[in-house]
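My questions all concern the structure below.
The values are calculated or read from the model by the stated rules, or taken from the named source; none is laboratory data. Since the model is a prediction, treat every value here as computed from it, not as a measurement. All Cβ positions, even for glycine, are placed from backbone atoms using ideal geometry, and neighbour counts span all protein chains on display.
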Amino acid sequence: MKKTSIFLIFGLLVSCAQIQQSSTGLELTQVTETVYAAIGATEAPSLENRGHNNNLSVILTADGVVVVNGGDNYQLAADLHTSIKQLTNLPVIWVINENGQGHAFLGNCYWRQQGIPIIAHEAAIHEIESNGTATLDNMIRRNGPQLAVNTCVALPEHAFSGQYQLPIPARQIMLLTFGDAHSPGDISVWLPDEQVLITGDIAFHERLPGVFPDTHVRSWIASFDKMTALPANIIVPGHGHPTGWADIRATTRDYLQYLVDQSESILNNDGDLSAAYQIDQSAYSHLNTFTELAVKNAGRIFQQIELEYFE
Ligand SMILES: [Zn+2]
C-alpha cells in the first residue's frame, strides 16, 4: 500500500514535469517592428488547441516586454513566455488582461509566479472576483485536467478605469475603455507611435462574435463606434488575424446591428423569440463558430431588444 502511494506520487510528479518540459513555445506572428501576436484558433478552446483561442500579443519596448492577455491556462502562459525569450533578451515587465474572461486571465498564475505585475480594468477584476472560480471550473471541464495543472485564479493587482498610460518611460502604451461591450471590463491597448490598436474582445475577425447574457449589445455597438475615432492603421482583434477596420466592422459591428434590426422588425410585427431563432444569418455562415453561436446570439439579442419594448 505504502509502495503504491509512493509510486502514485512519483507518477504525478513525472507527469507534472513532463507537462512543464513540453513548453515548446507558440508561433509569434510579427505585426510591426515591435508588435507580435500569438494568433489563437478561431474556434472554441479545447485540449487540441491548448486553450489558445484568442490573441496573445507581445509589445517590445526599450524597458521590457508588455504582454496582452494572461492566456487561458498556466501552461499556455509558459509557452508564450518561451516564445518571448526566443525573440528577445528583454524581461516581461507588464501583463495586461483584456477583460475578465478565462482566456484573458487564467494564465495569470504563471505570470504572478514570475513576479510580473498584472493590470486590468476594475470591472474585469470584479468579474474575476465574482466568477473566477466558476471560469476555472469551466476551463477544466472543457479542456480536461491536463491543461489545468498549476492554473489558479490570480487577480490582477493593478486596477484602472477610464484610460491609463502604462508607467513605462520608453514608450507610450495606452489602455483604453469605450464603455460596455462584449464582457465586463473590456479594454483596448493603443500604441500611438505605430498606430496599432489591440482591440481586445470589442472586435472579432474570422469568427462570429459571442453574445453572452451580460453582453449589452447596444452598448457594444456604441463602444465600437467610439473606438473607430482612433487613427489606427493596423488592428489586432481579440480573435482572428491582424487586419483593418473594414473586416472588424463587418464581422462585429455590422453583425450585431443586423441582429438588432432584425429583432426590432420581428417585435414590430408582433413576433416572438421563435422568430428570432429563424433570423437569416447566412451572410455570416462562412465565419468560424457560426454553428455554435449564431442561433444563441440571435436569441440573446432579441431578448435584450424585447425588454426595451416593455420599458
Ligand atoms: Zn475573447
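Being in contact with a strand residue (DSSP E or B) (Cβ under 8 Å, 6 or more places away or on another chain) and part of a helix (DSSP H, G or I) is the filter here, so list the residues in the range 220-235 that pass it.
Step one: list which residues in the range 220-235 are in contact with a strand residue (DSSP E or B) (Cβ under 8 Å, 6 or more places away or on another chain), which gives 220, 223-224, 227, 230, 232-235.
The answer is Trp220, Ser223, Phe224, Met227.
Starting from residues that are within 16 Å of the ligand (Cβ to nearest atom) and in contact (Cβ under 8 Å) with a residue 60 or more places away in the chain, keep the ones in the range 164-187 and report whichever is surrounded by the most Cβ atoms within 10 Å (Cβ to Cβ).
Ile187
For the structure I just gave you, tell me whether Ser274 is assigned to a helix (DSSP H, G or I), more than 20 Å from His182 (Cβ to Cβ) and of a type in the set (Ser, Thr, Tyr). Full working, then the answer.
Values: assigned to a helix (DSSP H, G or I): yes; more than 20 Å from His182 (Cβ to Cβ): yes; of a type in the set (Ser, Thr, Tyr): yes.
It is true that Ser274 is assigned to a helix (DSSP H, G or I), more than 20 Å from His182 (Cβ to Cβ) and of a type in the set (Ser, Thr, Tyr).
Pick out, from the range 56-128, the strands (runs of 3 or more DSSP E) lying fully within it that include 3 or more residues that are among the small types (Gly, Ala, Ser) and buried (at least 24 other Cβ atoms within 10 Å of the Cβ). Step through it out loud before you land on a result.
Details: elements: 56-61, 64-68, 92-96, 118-121.
By residue number, no strands (runs of 3 or more DSSP E) qualify.
Filter the range 223-252 down to the residues that are among the aliphatic types (A, V, I, L, M) and in contact with a Phe, Trp or Tyr (Cβ under 8 Å, 6 or more places away or on another chain), then identify the one that is nearest to the ligand (Cβ to nearest atom). Explain how you work it out, then say what you get.
Filtering the range 223-252 for residues among the aliphatic types (A, V, I, L, M) gives 227, 229-230, 232, 234-236, 246, 248, 250.
If we keep only those that are in contact with a Phe, Trp or Tyr (Cβ under 8 Å, 6 or more places away or on another chain) too, we end up with 227, 230, 232, 235, 248.
Details: Met227: 16, Leu230: 20, Ala232: 19, Ile235: 15, Ile248: 13 Å.
Here the residue is Ile248.
I would also like to ask the following. Could you tell me whether the range 207-219 includes any residue that is in a strand (DSSP E or B) and either among the hydrophobic types (A, V, I, L, M, F, W, C) or within 12 Å of the ligand (Cβ to nearest atom) (or both)? Walk me through how you get there before you give the answer.
Just the residues of the range 207-219 that are in a strand (DSSP E or B), to begin with: 207.
Filter once more, keeping what is either among the hydrophobic types (A, V, I, L, M, F, W, C) or within 12 Å of the ligand (Cβ to nearest atom) (or both): 207.
So far as the range 207-219 goes, yes, one or more of its residues are in a strand (DSSP E or B) and either among the hydrophobic types (A, V, I, L, M, F, W, C) or within 12 Å of the ligand (Cβ to nearest atom) (or both).
Against the definition (assigned to a helix (DSSP H, G or I), modelled with pLDDT of 95 or more and of a type outside the set (Val, Ile, Thr)), how does Asp201 come out, yes or no? Step through it out loud before you land on a result.
On the way: assigned to a helix (DSSP H, G or I): no; modelled with pLDDT of 95 or more: yes; of a type outside the set (Val, Ile, Thr): yes.
The answer is no for Asp201.
Can you name the residue in the range 190-206 that is touching a residue at least 60 places away in the same chain (Cβ under 8 Å) and either among the basic types (Lys, Arg) or away from the ligand (no atom under 14 Å from the Cβ) (or both) and is also nearest to Gln163 (Cα to Cα) among such residues?
Looking at the filtered set, the residue picked out is Leu191.
Sort through Leu267, Leu293 and tell me the only one that's part of a helix (DSSP H, G or I), in contact (Cβ under 8 Å) with a residue 24 or more places away in the chain and within 18 Å of His182 (Cβ to Cβ). Talk me through it step by step, then tell me what you get.
Values: Leu267 fails: within 18 Å of His182 (Cβ to Cβ).
After applying the criteria, what remains is Leu293.
I would also like to ask the following. Of all residues in the range 91-110, which are of a type in the set (A, V, I, L, M, F, W, C) and closer than 15 Å to Gly132 by Cβ?
Residues of the range 91-110 of a type in the set (A, V, I, L, M, F, W, C): 92-96, 104-106, 109.
Passing the criteria: Ala104, Phe105, Leu106, Cys109.
Please go through the range 236-251 and give me each residue that is part of a strand (DSSP E or B) and surrounded by 24 or more Cβ atoms within 10 Å (Cβ to Cβ), ordered by number.
At the first step, the residues of the range 236-251 found to be part of a strand (DSSP E or B) are 236-239, 243.
Listed by number, the residues that qualify are Val236, Pro237, Gly238, His239.
I'm trying to understand the selection: among the residues of the range 195-225, which are acidic (Asp, Glu) and either within 14 Å of the chain's Cα centre (by Cα) or buried (at least 24 other Cβ atoms within 10 Å of the Cβ) (or both)? Give the steps one after another, and end with the answer.
Start the filter on the range 195-225 by keeping residues that are acidic (Asp, Glu), which leaves 201, 206, 214, 225.
Scanning the range 195-225 gives a single hit, Asp201.
Output the number of residues of the range 121-139 satisfying the condition of being without any contact (Cβ under 8 Å) to a residue 60 or more places away in the chain and either among the acidic types (Asp, Glu) or within 19 Å of Glu43 (Cβ to Cβ) (or both). Let's see the steps before the verdict.
Quick first cut of the range 121-139, residues without any contact (Cβ under 8 Å) to a residue 60 or more places away in the chain only: 126-138.
In the following step, the residues that additionally are either among the acidic types (Asp, Glu) or within 19 Å of Glu43 (Cβ to Cβ) (or both) were identified as 127, 129, 135, 137-138.
Total meeting the criteria: 5.
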